[in-house]
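Peer 1: The structure that follows is given in the form of C-alpha cells.
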Amino acid sequence: MDISKYFQLPRIMLILSGTWPQKSPFQKYFQKGYLLTEFLIVSLSVKACFSLIYDLNTFFKKLVLVSSLVMTTVKGWVFLGNGKHVLELYEYLNDPHFINVPQHLEKHMIDTMDITKKTMQWFLTVIFVLLCLINILPFLTDDGVMFIPITLFGHFKWFMMVMQILNVDDIGLKTFGLDMLFVYATCVIKAQLCILSGKIRFIGSEYQDSENGKSAETSLTDCVVHHYKIARLTELTQTIFSFVLFVQYIESVITVCTVGFQLLTTSLFSLDFLVMSLYCNAALFQLVVYCWFGNEIIVYSADISNACYDCNWLNMSTTARNMLFLIMERSKRPFYLTAGNFFTLSLQSLTSVLKSAYSIVALMDRMSEMNESN
C-alpha cells in the first residue's frame, strides 16, 4: 500500500509557497529571497493596519487579514525550521510496517484516507472561492474588504496591492498545504492504530491452541515493533507541528473573534458578509479538524489495551502473554498531540476555545458600543 501518494498534493503546495525544505544550495537561496519578500509585505501590512487603530470597526476588519498573514508566515518559518524532521517523516511513511498491511485490514487505511481526502477537497473549495473573492474585490470596491492600502516609500500603491494579492495567494497555498499535511499524518496514525488493534485481535482468534504459541510469539513480536513505529510517527508529527498548531490556535481564535464581531455589524446581503462568513467558516473548520483528529488518536491508541484483553490470551504461551503485557503497559499512556505543549488536541480543548472566542466577541461588541456612545 502506497501511503506517500496522499502526501503529494500538500507537498506540491508547500513547494510552491516556498515552505517545503530544500536540499540544493540554489533552491535554499531562492527560498530565502522568497521569504524575505514575504516578510517585507507582511511588515508593511502590519504597520498600515495599526495606523487605523482609532477606528475600531475598520481596524478589526483589516486585522482579520493581517493576523492571517502574520501567523501563517510564522507557521511557515517554524515548519521550515523543522525541515530535517519533515523529510524524515516523509521517508518514514514508507516503513514496511506501514505499507505491508494484511489484506483484511487494508480497509482501515483506505476508508480513513478516502474520507479525509473528500473532507479536505471541500476545504480546498472554500479556500479557492475565498481567495478568488479577496483577489477580485479590491478592484470592485473602495477598500477591498479586508485589504490594506500600503505603499513602498510613499509610492507604488498599485504595485504593492498586486504584491499583497500574491502574498495572500501564497498564504492560502501555505495554509492548505500545512493543514492537509497535518491531517493526513494524523489519519495515518489513526489508521495504523486500527490496523494494530485488528492484528492483535486476529492473533487471538487464529491461535487457539498452545501448540501454536511459537507462531503467536512471532506475530506479537511484529506487533510490538509496529506499536513502537506508530509511537515514533506520532513523535515526529508532534515535533514538526507542535508550535505550528499553537500559532494556528491563536490565529483561529483571532479570526473567529474579529470576523464574528464584524458579522454582527455587517449587512446580511453584502459582499463583505459573504467573504467574512467564508473566512470564519475556514477558521472554525481548521480548529475542528485539528481537535477532531487529535482526539481520534487518543481514543484509538487507548483501544490497543482493549485489543490485547479481547484476544484469546489464555491459550497463549507465557512468552506471548508477556509480550501482550508489554503492549498493554505502553498503551496505558495514550498517544496525543499538543499545540506548543499548552493545549492537548481533543474535543474538550475545542469546546474551551469556542467558549473563550464567544466571550471575546461579546467583549468586543461591548467595547464598540461604548466607543460609539462616546
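Peer 1: Within the range 72-89, restricting attention to residues that are in contact with a helix residue (DSSP H, G or I) (Cβ under 7 Å, 6 or more places away or on another chain) and farther than 26 Å from Asn167 by Cβ, which residue is surrounded by the most Cβ atoms within 10 Å (Cβ to Cβ)?
Peer 2: Leu89
Peer 1: Right, Thr37: at pLDDT below 75, out of contact with any Ser or Thr (no Cβ under 9 Å at 6 or more places or on another chain) and within 24 Å of Ala283 (Cβ to Cβ) or not? It would help to see each step written out before you state the result.
Peer 2: On the way: at pLDDT below 75: yes; out of contact with any Ser or Thr (no Cβ under 9 Å at 6 or more places or on another chain): yes; within 24 Å of Ala283 (Cβ to Cβ): no.
For Thr37, the condition - at pLDDT below 75, out of contact with any Ser or Thr (no Cβ under 9 Å at 6 or more places or on another chain) and within 24 Å of Ala283 (Cβ to Cβ) - is not met.
Peer 1: Give the range 244-258 a look and list any residue that's more than 15 Å from Gly294 (Cβ to Cβ), in contact with a Lys or Arg (Cβ under 9 Å, 6 or more places away or on another chain) and not acidic (Asp, Glu), or say none. Please lay out each step first, then the result.
Peer 2: Here is the first cut: in the range 244-258, the ones more than 15 Å from Gly294 (Cβ to Cβ) are 247, 250-251, 253-258.
This time we only want the ones that are in contact with a Lys or Arg (Cβ under 9 Å, 6 or more places away or on another chain), so: 247, 251, 258.
Hits for the range 244-258 are Val247, Thr258.
Peer 1: Restricting to the range 1-52, name every residue that is surrounded by fewer than 19 Cβ atoms within 10 Å (Cβ to Cβ) and of a type in the set (A, V, I, L, M). Steps first, answer last, please.
Peer 2: Looking only at the range 1-52, we keep the residues that are surrounded by fewer than 19 Cβ atoms within 10 Å (Cβ to Cβ), and these are 1-2, 4-5, 7-9, 11-12, 15-16, 22-37, 39-40, 43-44, 46-48, 50-52.
Passing the criteria: Met1, Leu9, Ile12, Ile15, Leu16, Leu35, Leu36, Leu40, Leu44, Val46, Ala48, Leu52.
Peer 1: Still on this model: Considering (1) under 18 Å from the mean Cα position of the chain (by Cα); (2) among the polar types (S, T, N, Q); (3) surrounded by fewer than 20 Cβ atoms within 10 Å (Cβ to Cβ), say which one Asn312 fails and leave the rest.
Peer 2: If we test Asn312 against (1) under 18 Å from the mean Cα position of the chain (by Cα); (2) among the polar types (S, T, N, Q); (3) surrounded by fewer than 20 Cβ atoms within 10 Å (Cβ to Cβ), just (1) comes out false.
Peer 1: If you don't mind, another one. Look through the range 97-127, keep the residues that are in contact with a helix residue (DSSP H, G or I) (Cβ under 9 Å, 6 or more places away or on another chain) and exposed (fewer than 12 other Cβ atoms within 10 Å of the Cβ), and return whichever of them is nearest to Gly177 (Cα to Cα).
Peer 2: Trp122
Peer 1: Within the range 205-214, is even one residue assigned to a helix (DSSP H, G or I), at pLDDT 75 or above and not basic (Lys, Arg)? Show your work before the answer.
Peer 2: Within the range 205-214, the subset assigned to a helix (DSSP H, G or I) is 205-206, 210-214.
Right, trim to at pLDDT 75 or above and you get none.
Taking every residue of the range 205-214 in turn, none turns out to be assigned to a helix (DSSP H, G or I), at pLDDT 75 or above and not basic (Lys, Arg).
Peer 1: Separate question: Starting from the range 107-126, keep only residues that are in a helix (DSSP H, G or I), then list their pairs with residues that are of a type in the set (Lys, Arg) and surrounded by 15 or more Cβ atoms within 10 Å (Cβ to Cβ) whose Cβ atoms are within a distance under 8 Å, requiring at least 6 positions of separation or different chains.
Peer 2: Listed by first residue and then by second, the contacts come to Thr112/Lys190.
Peer 1: Just to check your reading of the model, which residue among Ser305, Ser301 is over 24 Å from Thr255 (Cβ atoms), more than 24 Å from the chain's Cα centre (by Cα) and not charged (D, E, K, R)?
Peer 2: Details: Ser301 fails: more than 24 Å from the chain's Cα centre (by Cα).
The unique qualifying residue is Ser305.
Peer 1: On to the next question. Does Thr319 fit the bill of being of a type in the set (S, T, N, Q), free of Cβ contacts under 8 Å to residues at least 24 places away in the same chain and either surrounded by fewer than 20 Cβ atoms within 10 Å (Cβ to Cβ) or assigned to a helix (DSSP H, G or I) (or both)? Step through it out loud before you land on a result.
Peer 2: On the way: of a type in the set (S, T, N, Q): yes; free of Cβ contacts under 8 Å to residues at least 24 places away in the same chain: no; either surrounded by fewer than 20 Cβ atoms within 10 Å (Cβ to Cβ) or assigned to a helix (DSSP H, G or I) (or both): yes.
No.
Peer 1: Does the range 331-343 contain any residue that is buried (at least 18 other Cβ atoms within 10 Å of the Cβ), within 19 Å of Ser219 (Cα to Cα) and not aromatic (Phe, Trp, Tyr)?
Peer 2: Yes, that holds for at least one residue.
The values are calculated or read from the model by the stated rules, or taken from the named source; none is laboratory data. Predicted model, so just to flag it, every value in this text is computed and none were measured. Counting neighbours? That spans all protein chains shown, and the Cβs are built from the backbone with ideal geometry, glycine included.
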